[in-house]
Each structure stands twice: as C-alpha cells, then as structure tokens.
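One structure is given here, and the rest of the page talks about it.
The numbers here are math on the coordinates, done by the rules we state, and not lab data. Computed from a predicted model, the values in this text were never measured in an experiment. Here the Cβ positions follow ideal geometry from the backbone for every residue, glycine too, while neighbour counts run over all protein chains shown.
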Amino acid sequence: MVGPWTYEDTGKYYREAVKRRPSFSGRRDMLQFTDRLPSTDDWTLPVLLQLNRTLRVLYNGPFNWDAFKKIVMQHILTDDVLDALKALPEDEQIPHLVQLVLDWACWDAPKEGAWPRDLSMRRYFVKWRRCEPFYFEADTHTDEDMERAADLFLDIWMGQSPGCILRQPQVQFGEEKDFPGFTVYRVRDEAVTDAERLAAAQSKELYLNLQARGWAPERMDEPLQVGASVARPAKLPPPAGDIVICGPGMCAQCIKKRYLECRVPQDGGKPRCVACRVHKLGCEHKGKTMDALKKQSLEDDSDSREATPDPSQRSQRSGSESVVSESNKSAALTNASADSVPGPSGGRKRKSQGSRDKQKKAKRARK
Ligand SMILES: [Zn+2]
Ligand SMILES: [Zn+2]
C-alpha cells in the first residue's frame, strides 16, 4: 500500500495475471490459501517475522486501505491463523505489523483502553502506531511499478505449497522497523474518553463471564453492552443488605442478561437473586446457603479490587508516561490486564466482517 487499487481492481488484475502464467494450473479460489500451518507451539519469532513479511508485501503494494483490509482480514487472517495468534503467550515478541493486524481483527481494546468509534485503520496504523507503508503516487510511479508490487503477492499465492504465507524470501520495504522493540510510539490516552474506556472494560467483563460458561459468541457484531437493569421490588429489604456476586459466579440468568452483578437479598428465604425474582425465573443460587454465597461474594470482591479498571488512575499515568516503546510492551501489557477485569485471560474476540462494515457505515454517516 498505499495505492489507488480497489478490492475490485485487485481481483480483476489478479484474474488476468494468472492467465499470463501458463505454468499455473490450480483450482483454488482466488487468493485463497491452503496452508498447513505450524502447530500452536511453533509460532516462534522467526515464523512471526515471516508472516510479517507477507503482510508487508500487501502493506507495500498498490492497494488502497479498503482493499488491504479485505485481503488481510479475509485471506490472510483466516480462523486458523487468527487462533494461532490469539494463543500466543502474552510475553511473546510480536512483529509490529502482525500485532497491528491482530489488534484490528479483535475487539480487545488497544493500549489506550478502548477503540474510538471513528478511528480508521489508516489512522491507527500510520498515525497512532507509526507503521509506514510504501506509498505509490500517480505522478512518480507507473502502472508497471504497481503491477510489479502486486505480483509479489500473486507469487505467494501461486507458488503456494503448504506453509507458503510463511515463506516469502524477499526482504520488504520497512520490515526492519517491524522487528519487536524497534518502533516507538505514543499511547494516545487523550483520544479515548473515560466513558469509552469503562464501556470497553465492561464489554470485556461480560464477554469473559459468558466465555467462562461456554456461551461466548465466536465472533461478535458489536461489543457487548450491559443489560437494561430491572426495578427492585419494593417489598425486598434495602439493597445495602444484599449479597453481591460479580464475575462468572453470578447466576446463569444474570450472565445471560448481561448484568455486571447478581444481587441476592437476605430476607430469610432460600437464596434467589433480584433479577430472577423480577423475571420470575429459577435462580441458580437457590441450592446454596447464604453463608456459602457470602463467602463467594467476598472472594469475588478481593479479585475485583485487584482488577477493576480505574479510569482516573489511567489518565494520571498517561500524563507522566506517555511514550511506550515496543520493548516495554510486556510491562504495558501487564498494566493493561491489571486495568481490565477479573476472569480468565485470552479473551480476544474476533470482530465479524459484518461488524466492520457496520462500523464503516456508521463512520460514513457521521461525515
Ligand atoms: Zn442473578
Ligand atoms: Zn438468579
């Protein structure tokens, strides 16, 4: 990138280009890869650098941003590749462009704490994260220049034997800056509001609660939002006396309704949460004793004290320490996860293609 080719231009060019290569007799769908990928443990830095190089071929090609996004998200970041990347240990060194593409594919908040709604891929990659593509200009570059650059990706696709998206021999423009730790950028905390940060943290908490029960959506259309709260019946004792349970230990109904807490009033009867009473549902807590619930709620409480996001703390930190280099990434990641929510880690959630289109429409509407 970045050049003038749309996704349609790209498809048209490749369909013609294939015909000019008589040696090719494949039956694969255009740009579909049939790689047999390394197993999860084998995604080491050298493998990731190869993937980065393949992404660089596209990033430095004549495609426009929309075409780059579609090719990467649909043809490179297939479910298998994405699963492998999501399974990388948190301290794994990840090349810069691979990391950015992974960030973009998932709902998980960037270091700023949330995705601003109108943040474009271009702005995120180039301005926020300082990942420079090669630019094709109409007055300095010929069609042949652009076709040569596009052919590099065609070579990868046509030459594919198993593993070929990870076997690109030519060093690409800018890839040395993608080596983990090389590119330094500023985390733009000021670009995200505390409300957006809180909504992102809540969305992640809701997702992790669902995930812990095996009910998490594989891909999401929109980030999860806290369910509409119910009015507390007047006959119940005051809320101050409730046993409050958060996290995956909440009753099933409260998790399904996407609440952040499950409140069990202590009114002498069998434990049953407020939401289940209002919705006239059986409550999962009814087989437990009040004492067991109290104990559970205290455990949740100590978990969440360590992990509940505190927006004020976050903005203080951003004032003094605004530059984060990639080499500090593991420290930043640790901070980020401490800022987030209780529950198991590794909740990276894939954005669905539909959601990205929707986001794009929303963006257009605002302009
Ligand atoms: Zn409940
Ligand atoms: Zn309940």
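The alpha carbons of the stretch 111-259 stretch over 78, 39, 29 Å along the principal axes, in descending order.
In terms of its Cα atoms, the stretch 7-192 spans 53, 44, 28 Å along the principal axes, sorted from long to short. With a Förster radius of 30 Å, plug the Cβ-Cβ distance of Asp91 and Glu218 into 1/(1 + (r/R0)^6) and report the FRET value to the nearest 0.05. Efficiency at R0 = 30 Å is approximately 0.70. Placing a label point 7 Å from the Cα of Glu8 along the Cα-to-Cβ direction, the residues of the stretch 35-65 whose backbone N falls under 20 Å from that point are 62-65.
Taking each of Lys111/Lys177; Lys288/Lys351; Lys257/Lys349; Lys111/Lys288; Lys19/Lys127 in turn, the alpha-carbon distance tops 31 angstrom for Lys288/Lys351; Lys111/Lys288; Lys19/Lys127. Per residue, the convex hull spanned by the Cα atoms of the stretch 227-307 measures out at 92 cubic angstrom.
For Lys19 and Leu45, what is the calculated FRET efficiency with R₀ set at 35 Å and r taken between the beta-carbons, to the nearest 0.05?
Values: r = 39 Å, r/R0 = 1.10.
It comes to 0.35.
Summing +1 for each Lys or Arg and -1 for each Asp or Glu among the other residues whose beta-carbon sits under 14 angstrom from that of Tyr259 gives +2.
Where does each of 65-74, 222-231 land if you order them by average Cβ count within 10 Å, highest first? Each step should come with its number before you reach the end.
Numbers: 65-74: 19.0, 222-231: 13.5.
Packing order, densest peptide first, comes out as 65-74, 222-231.
Expressed as a fraction of 2.2 N^0.38 Å, the C-alpha radius of gyration for the stretch 204-247 is 1.57.
Across the stretch 86-151, the fraction of Cα-Cα pairs farther apart than 20 Å, rounded to a whole number, is 45%. The relative contact order of the stretch 227-307 comes to 29 percent, based on Cα pairs under 8 Å that sit 6 or more residues apart. Translational diffusion of the stretch 197-270, estimated by Stokes-Einstein from the Kirkwood radius over alpha carbon pairs at 25 °C in a medium of 0.890 mPa s, is 182 µm² per second. Distances between placed amide hydrogens fall under 5 Å for Asn60 paired with Phe134, all partners being 5 or more residues away or on another chain. Using alpha carbon centroids, what distance separates the stretch 247-287 and the stretch 85-126, in Å? Centre-to-centre (Cα) distance: 36 Å.
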